[in-house]
Amino acid sequence: MTGICEGRVVIVTGAGRGLGRAHALAFAAEGARVVVNDLGVGLDGTPGPDSPAGQVADEIRAAGGEAVAHGGDIATTDGAAALIRTALETYGRLDTLVNNAGFLRDRMLVNLEEDDWDAVVRVHLKGHFLPLKHAAAHWRAEAKAGRLPDARIVSTSSGAGLLGSVGQGNYSAAKAGIVGLTLVAAAELRRYGVQANAIAPAARTRMTERAFAETMAAPGAGFDAMAPENVSPLVVWLGSAGSAGVTGRVFEAEGGRITVMEGWRPGPTADKGARWDAGEVGETVLKLLARAERPGAAYGG
C-alpha cells in the first residue's frame, strides 16, 4: 500500500457490505480514518436484524486502522447531519465523502408501485443529496474561515443511470439524477476546495448477484473480474489528494478496466433561422439522426 490517504478522514455510506465495505477497507489500508455508515437494511430497504457497520469498523481496527461506525438513516436531514457530525466530533475533520448507499425494488414500469418508486429514489438520490449538502456546508464554512479544504466527493451512479435498464425505471432514474447532482456539485463547490466525481461500477454485490451469478473468475486465473474490491482503487484515488484537478467526471469501473464516460454533448444540428413547421421537422430530424452516433442499448433491452 502507498498510504495515499494518510491523515484523511473519509465517510463511506452503505459501507456494511459489498462495494461500500470494499471501499471502507481500501481507504483504511491507505491510511484513512473511516466513518463506516450502514443502516443495516435488507436488499429491498426493509430493516435487517442488525447493522453490519460495526463489524466493518471492527475489521478495520483489527487490521490496525482507525474507524467508527454510524448506523443512522442518511436519507433524513437528522441522519445526514449526524453522519457529518460523527466525523468531525470523532476525528476533528472531514476530507472525503463517498456516497454509496442504495437498494433495489425492480419492476417493469407498468407494475412499478409508487411506494417502490419513492423508496428507491429516496435512498439513492436523496441519500446522496443530504450527506453532500451537510458536508458541503462544513467545507464552505471552513473556506470562509480561511482554511480552504482539499475535499473530495465520490458518488455512485450506474450504467443503468447512463443507458437505462429494463425493469429498473426507479433505479435508473435515481442513478441518472446522481450524475446531474455530481455535475452541479463540481461546479458549485470548486470555489470551496471541493471536487466531485461519480463512478458507474460493475461488480457482484447483493444488488447484482443474480445478474453476475455466472461471471466468475476462470479456474486458476486468480482474478475475479466482478469482485467489488476491483472498483475500490479508483474510488480511493478519487478520494485522495492525488486526484487534484479532477472534478465533474464520471468513470466506469469493471474488473481491471477504467473508462472515462463522455456524457451528453451537441451532435448534428440544423438551424433554419426561423420557426420550423411540423410538416418539415420530420425530414430534418431523420437526416440529423442518420449522421448521429447510435445510443448504447439499455441493459436488458
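Every read-out reported here was derived from the displayed coordinates using simple, explicitly stated rules and does not represent laboratory data. This structure is a prediction, so every number in the text was calculated from the model and none was measured. Cβ placement follows ideal geometry from the backbone for every residue including glycine, while neighbour counts extend to all protein chains displayed.
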Practice item. Name the most mobile residue of Trp276, Trp117, Trp237, meaning the one with the largest mean-square fluctuation, in a Gaussian network model of the chain with Cα contacts below 10 Å. Key: Trp276
Exercise for review: Please find, in a Gaussian network model of the chain (springs between Cα atoms separated by less than 10 Å), the residue of Ile60, Ile11, Ile258 whose mean-square fluctuation is greatest.
Suggested key: Ile258
Review point. Tally Lys/Arg at +1 and Asp/Glu at -1 over every other residue whose Cβ is under 15 Å from the Cβ of Ile258; what's the total?
Key: -2
Exercise for review: Provide, for the chain, the number of lysine pairs with alpha carbons under 23 Å apart, each pair being eight or more places apart or on different chains.
Suggested key: 4
Review point. Dividing the Cα convex hull volume of the chain by residue count, how many Å³ per residue is that?
Key: 177
Review point. Mean separation of Cα pairs under 8 Å and 6+ residues apart, divided by the residue count of the chain: what relative contact order is that in percent?
Key: 17
Check your understanding: So what is the orientation-averaged projected area of the range 77-149, using the convex hull of its C-alpha atoms, in nm²?
Key -> 5.8
Review point. Which order do peptides 66-72, 76-82 fall in by mean Cβ count within 10 Å, highest first?
Key: 66-72, 76-82
Practice item. Taking only Cα atoms and a 10 Å spring cutoff, compute GNM fluctuations for the chain and point out the largest among Leu148, Leu234, Leu39. Key: Leu148
Exercise for review: Order the peptides 163-173, 243-253 from the highest to the lowest mean number of other Cβ atoms within 10 Å of their residues.
Suggested key: 163-173, 243-253
Check your understanding: Which order results if Ile199, Ile74 are arranged by neighbouring Cβ count within 10 Å, fewest first?
Key -> Ile199, Ile74
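Could you rank the peptides 153-162, 222-231 by their average count of other C-beta atoms within 10 Å per residue, with the highest value first?
Output ranking for 153-162, 222-231: 153-162, 222-231.
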Check your understanding: How large is the helix-only mean residue ellipticity at 222 nm for the chain, computed as the sum of -39500 (n - 2.57) over DSSP H runs with n ≥ 4, divided by its residue count, in deg cm²/dmol to the nearest 500?
Key -> -11500 deg cm²/dmol
Check your understanding: When the Cα centres of the range 1-29 and the range 168-206 are compared, how far apart do they sit, in Å?
Key -> 18
